[in-house]
Each structure stands twice: as structure tokens, then as C-alpha cells.
Amino acid sequence: MITLFIFLGCGKGDKNSADIKTSDQKTELIQGSEQTDNNSSGQTEVIEIKLPTMQCGTCKKNIEGAVKKMDGIQEVNVVVKEKIAKVKFDKSKTDLSKIEGIIVMAGYQANDKPANKEAYDKLDDCCKIGGHDK
């Protein structure tokens, strides 16, 4: 009898948790602020959101997945090592507050907005503060 074990983890050492370069190198990202992308018609905004409670590659997937579902999102890249999300979006369809709200409802702190407790409690242990110590 052959037994197959599949290990699903938090993404430590996972290639998906590696930093991904954005396609628009001309847009400078400033932490906690917003900036207009000069290559667009003025409707594109690029922001950087601090994610202090993010822990691993699973967190990256959770946050990116939640944000990508929003109307108006053009690009989202979570950088695990820096604990930030870089988001490019159509500012006529969404804004910083709504994006932070989606992240909060996914169980993570976004800038100074605390995570939704019920969503946080449902996260994998590895995604919780101190989860890698267990």
C-alpha cells in the first residue's frame, strides 16, 4: 500500500511568497499615501498599504485574493518580507478606505485599521500572530 502525504503550509520558502516586481517601474510608491499613475488618463491610483499582522505566503494569497475580487482593482502585489500591499486601481470605482475594509474583513490589519476579529479567528494558525511558533 502506498501512502501519499501532501503538506500544505504557510508558504515559508514558497516561490509564491517571493517579491514580484510591478510592471510599472515609473510609478513611485510612497508608504501610506496615494499617487496618480502618470501613464493613465488620471483615473489610476497606486497605493501602498501596511499589513503589520501578515505572517506568511498563505496570508499573501488570502489578501491578494480578497482585494482582486473588488471592482476597479488593476493590480495587487503583497510583499511578505516588507508586510505591505501595493495596489493599482481605478479611483473612479474604489478608494483606499474600501480596499482597507476588504483587507480588514479578510482578517488582517490594514494600515491603522484593526482586523475583523471573527475573520481573524478563522485564519489558519500560521496566519495568526505567533502562529509559526506553534
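The values are calculated or read from the model by the stated rules, or taken from the named source; none is laboratory data. Predicted model only: the values in this text are computed from it and were never measured. Neighbour counts run over all protein chains shown; Cβ positions are idealised from the backbone, glycine included.
List of remarks:
- Any hit, the stretch 90-113, residues being closer than 14 Å to Glu45 by Cα, in contact (Cβ under 8 Å) with a residue 24 or more places away in the chain and part of a strand (DSSP E or B): yes
- Applying the set (1) over 18 Å from Gly57 (Cα atoms); (2) more than 11 Å from the chain's Cα centre (by Cα) to Glu100 leaves exactly one unmet item: (2).
- Summed over the stretch 59-79, residues that are β-branched (Val, Ile, Thr) and either out of contact with any Asp or Glu (no Cβ under 8 Å at 6 or more places or on another chain) or more than 20 Å from Lys128 (Cα to Cα) (or both) total 4.
- Thr94, sole failed condition from (1) β-branched (Val, Ile, Thr); (2) more than 17 Å from Lys69 (Cβ to Cβ); (3) buried (at least 17 other Cβ atoms within 10 Å of the Cβ): (2)
- Residue within the stretch 63-80 that is of a type outside the set (A, V, I, L, M), in contact with a Leu (Cβ under 8 Å, 6 or more places away or on another chain), at pLDDT 50 or above and crowded, with 16+ Cβ neighbours inside 10 Å present: no
- Condition broken by Ile49, with the remaining ones in (1) in a loop (DSSP other than H, G, I, E, B); (2) touching an Asp or Glu at 6+ places or on another chain (Cβ under 8 Å); (3) at pLDDT 95 or above satisfied: (1)
- Among the criteria (1) of a type in the set (Val, Ile, Thr); (2) assigned to a helix (DSSP H, G or I); (3) farther than 19 Å from Glu45 by Cβ, the one Ile129 does not fulfil is (2).
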